[in-house]
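Note sheet for the following structure.
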Amino acid sequence: MEMELFKELPEGFNYVKNNEDYQLALLTFTLAFGDNHYPIPSIPVTHDISVKLQHRMCKQIFDHSYKNGYVLTNEDYSACMALSYMENKCSVDLDSLYEVDKEIAGEEIASNVRDIFIRMGKGEDSLKYNPGDIFVELFAVTTTKQRQKLGSKLMRKLFEECDRLNKNIFLVTSTERNYDMYKHFGFELIERDYCKELHALTYYLVRHPNKK
């Protein structure tokens, strides 16, 4: 399904449209997510391993948005957003994810990550949405460029376009810090899941309703 958002792109942003754009935007996603505290605090994970784990996840999701939705980035690739329609959002290949994670970080972490994705998937599958509603697959601003309103500019333009088209926006985050940020943007909580057996917050599922 062809995306129909953005009559005008946010100032300073463009679509990812070639291999150089692709590689640099993927790097932004990987490093931004790799800087997050790993969502299984009971298992120590070094920053190097975290980046490797996030790279394989970001690449699967990024590839899907690149082919089936679209990805926006600014001129220096410091702020990036990957979008899909809800009815065509990415479904992570859990078998390949597990095998790569096991090679990178061991069977325990690979199994835990797979369990978290299964729980997240069940939550996402239970969502009630309208055709054409938007799912934010990935959203990242590099650490050195945070607090410069880049993410706000991109997110608020998305709100403006979705209000114009009467579309809701959905996303999932697994950190409390990011949830607080999305709450500040006006997202409302649909569901949260705390995985007691992993001693880990699994996800926050949130929605930004259109204003019409």
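The values are calculated or read from the model by the stated rules, or taken from the named source; none is laboratory data. The structure presented is a predicted model; accordingly, all values stated were derived computationally and were not measured. Positions of Cβ are generated from backbone atoms using ideal geometry, with glycine treated the same way; all protein chains shown enter the neighbour counts. For accessibility, only protein heavy atoms count, side chains too; no ligands or nucleic acids. Shrake-Rupley method; radii C 1.70, N 1.55, O 1.52, S 1.80 Å.
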Summed residue charge, Cβ within 13 Å of PHE170's Cβ, Lys/Arg positive, Asp/Glu negative | -3
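To the nearest 20 debye, what is the magnitude of the charge dipole of the stretch 10-154 about its Cα centre, counting +1 on the Cβ of each Lys and Arg and -1 on the Cβ of each Asp and Glu?
Numbers: 15 positive and 21 negative charges, 90 e Å.
Here the stretch 10-154 has a charge dipole of around 440 debye.
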Within the stretch 127-202, DSSP-loop trypsin sites (Lys or Arg not before Pro) with at most 15 other C-beta atoms within 10 Å are LYS128, ARG147, LYS149
Calc'd 3J(HN,Hα), the stretch 73-83, phi into Karplus 6.51 cos²θ - 1.76 cosθ + 1.60 (θ = phi - 60°), Hz, glycine/Pro = x, comes to 8, 8, 5, 9, 6, 8, 9, 9, 9, 10, 10
Per the helix-only model, the chain has a calculated mean residue ellipticity at 222 nm (DSSP H runs of ≥4, -39500 (n - 2.57) each, divided over all residues, rounded to the nearest 500) of -15000 deg cm²/dmol
Unit charges at the beta carbon, dipole of the chain: most positive-side option, LEU158, GLN54, GLY34 = LEU158
Taking a probe of 1.4 Å and leaving out DNA, RNA and ligands, the stretch 119-172 shows per residue an accessible area in Å² of 51 Å²
Per the charge dipole of the chain (beta-carbon charges, Lys/Arg positive, Asp/Glu negative, Cα centre), the residue among TYR194, ASN130, LEU72 reaching farthest to the positive end is ASN130
Tell me, what % of the accessible area of the chain is carbon and sulfur with a 1.4 angstrom probe?
-> 48 percent
Heavy-atom accessible area of GLU160, protein chains in place, probe 1.4 angstrom, given in Å² to nearest 10, is 100 Å²
